[in-house]
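Below is one structure, written out as structure tokens; comments come after it.
The values are calculated or read from the model by the stated rules, or taken from the named source; none is laboratory data. Since this is a predicted model, take the numbers as computed values, not measurements. Surface areas here come from the heavy atoms of the whole protein model, side chains and all, with no ligands, DNA or RNA. Shrake-Rupley method; radii C 1.70, N 1.55, O 1.52, S 1.80 Å.
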Amino acid sequence: MSLEIWISFVVASGVLLAIPGPTLMIVISYALSGGRRTALATMPGVALGDFTAMTISLLGAGAVLAASATLFTLLKIAGALYLIWLGFRLWRADGRVEDIAARASGSPFAMFRSAYIVTALNPKSIVFFVAFVPQFVNVNDPVLVQFAILEATFVTLAAVNVLIWAFLAGTVKQRFASSGAVRLMNRAGACFLIGAGLLTALVRRTA
């Protein structure tokens, strides 16, 4: 793979990752309630989720999803309901600073699991990978090696992106540490999650 193609992929992926979507919304929601430390749980979940979705896509599942309206709809509805459920759960969390991480964000494993599920089971992302990644592959060179490079690059960029967003959201949380402010941020994070769920439910099949 030439350096020019790799750089082009890095730029295109960076732009894509910076656009808020369901994954970033859940990362921001956890960081608003639990602080920057939540990135230690959500970052591995997002990275593994992207790795799973991208691997499945490259193995051909994306083509199946693109061809099957029923399968796409089932995955879409499941992901949307999960996001909305997380949003309602965060909305009901109280505003006590001392236990906000335990009540709103959950355990590190719960945050990891949520970030993984939301990222890995996003049918739009799976179909997108099928359409996006092949544009940077030279069929005259070993394809598996190129896929491995592109996948490692994207997953790394996704992890860095999560750290940046969690740091920014966590910094805001630390500046507004009163119970009332924390409750307000919980509600804001809940709105992010519920909004992401509703947007996910409205996604149309791309092919």
Item to check | Ile7 accessible area, 1.4 Å probe, all protein chains in place, Å² to nearest 10 | outcome: 80 Å²
Checklist entry - What order do Val133, Val11, Val143 take when sorted by accessible area (1.4 Å probe), most exposed first? => result Val11, Val143, Val133
Checklist entry - So how much accessible area does Trp85 have, in Å² to the nearest 10, using a 1.4 Å probe? => result 130 Å²
